[in-house]
1. For residue 202, are the conditions met, namely being at pLDDT below 90 and open to solvent by 80 Å² or more (accessible area, probe 1.4 Å)?
2. Please find, within segment 162-176, the residue that is surrounded by the most Cβ atoms within 10 Å (Cβ to Cβ) out of those that are in a helix (DSSP H, G or I) and at pLDDT below 70.
3. If you go through segment 213-229 one residue at a time, do you hit one that is at pLDDT 90 or above and among the polar types (S, T, N, Q)?
4. From the set of residues in segment 183-198 that are open to solvent by 50 Å² or more (accessible area, probe 1.4 Å) and under 15 Å from residue 146 (Cβ atoms), which is modelled with the highest pLDDT?
5. Being within 10 Å of residue 28 (Cβ to Cβ) and in a helix (DSSP H, G or I), is that true of even one residue in segment 78-91?
6. Could you check residue 153 against (1) over 30 Å from residue 245 (Cα atoms); (2) touching a helix residue (DSSP H, G or I) at 6+ places or on another chain (Cβ under 9 Å); (3) surrounded by fewer than 20 Cβ atoms within 10 Å (Cβ to Cβ); (4) at pLDDT below 95 and say which number it fails?
7. Given 73, 34, which one is without any contact (Cβ under 8 Å) to a residue 24 or more places away in the chain and more than 23 Å from the chain's Cα centre (by Cα)?
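The values are calculated or read from the model by the stated rules, or taken from the named source; none is laboratory data. Predicted, not measured: the structure shown is a model, and the values here were computed from it. As a convention, Cβ positions derive from the backbone with ideal geometry for all residues, glycine included, and neighbour counts pool all protein chains shown. These area figures cover heavy atoms from the full protein model, side chains too; ligands, DNA and RNA do not enter into them. Shrake-Rupley method; radii C 1.70, N 1.55, O 1.52, S 1.80 Å.
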Amino acid sequence: MNAVNDDLHGDGPRHDEPRHDDLRYVYAVCRPLAAPLAADLTGVGGEPPRQLVHEGLVALVGPVPERDFSEKALRAHLEDLDWLSDTARAHQRVIDALTSVTCPLPLRLATVFRDDSGVRAMLEDGAERFHRVLERIDGRVEWGVKVHMLSEESTAPQPPAAAPRQSGPGSGRDYLRRRRSQRTAQEEGWQRAEAFARRLHETLSRHADDSRLHAPQNSELSRTPGRNVLNAAYLVSRADSEEFVELVDRTKDEEEGTSGLRVELTGPWAAYSFTDDGATGDASTGDASTGDASTGDASTGDGATGDGTAGDDRTGDEKGRSV
């Protein structure tokens, strides 16, 4: 099958061709689309994406200027949080639209190639892996679940109010006893929170096709109050997603018995956490070194979102709720 470029939105005229000095920004790899996307969909730089088809695979690509996405320019933009945020939102907008009609394999933020031939080479070199992963995530979406302990003291019974301070030798001993009591209460509260998170993860994993445990988020970086106890992702079929959401909702009843905990559900997302295929360890490589790329590995997105998930460029401010 010869490689061809099709309009992403249907069989009508294609959007303007990229300028000769534009690079190719690749959002995701997927199977040929069964339904068109919105005609007004735009991605990075306000440019509409198009599909580049090669050997039964589709790469969603858009033109981006070399002045912003060359290796040197990207290094500078890494220091510009506003630029990173805008780029991550535009990237996620395309991924969300694509997820509404298919199950894509999203690539890392700022995966850039020199031209269409570089994108085709990436599709050809990774074809076996891409087909394998797309088969595994077909008909499925990712749901994220986090548990936050709002304060380490709040999950434990509060000790009786301390007696008024007194001067004398006994006051120092009383202070030390209170401090030991506080530390004990904090440790017990943390243990209860961990036990709750462990039970929740085991329950949700039984109702998912696959699951991933990610490192806890740093509350200062994520700007989320409380200590992150559970940071997990679950691969769930679209048909079972409503039941999965209801299952998370029912954790409210158990949470009431463990004060100070907050359960956060986000999704549905593209299967960011499940793009490894077990053979190579990472099918979402975003590594532009497989083609003629201007940037090499242009996977710069992890720091833009505050989400520690590798290759996860979601903005984190959409499709989330607490229960």
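1. no
2. Filtering first and then ranking leaves 170.
3. The answer is yes; a qualifying residue exists.
4. Ranking the qualifying residues of segment 183-198, first place goes to 198.
5. yes
6. Among (1) over 30 Å from residue 245 (Cα atoms); (2) touching a helix residue (DSSP H, G or I) at 6+ places or on another chain (Cβ under 9 Å); (3) surrounded by fewer than 20 Cβ atoms within 10 Å (Cβ to Cβ); (4) at pLDDT below 95, residue 153 violates only (1).
7. Testing whether each residue is without any contact (Cβ under 8 Å) to a residue 24 or more places away in the chain and more than 23 Å from the chain's Cα centre (by Cα) leaves just 73.
Residues checked against (1) open to solvent by less than 10 Å² (accessible area, probe 1.4 Å); (2) within 26 Å of residue 274 (Cβ to Cβ); (3) at pLDDT 95 or above:
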position	(1), (2), (3)
42	no, no, yes
56	no, yes, no
59	yes, yes, yes
64	yes, no, yes
71	no, no, no
78	no, no, no
116	no, no, yes
119	yes, yes, yes
127	no, yes, yes
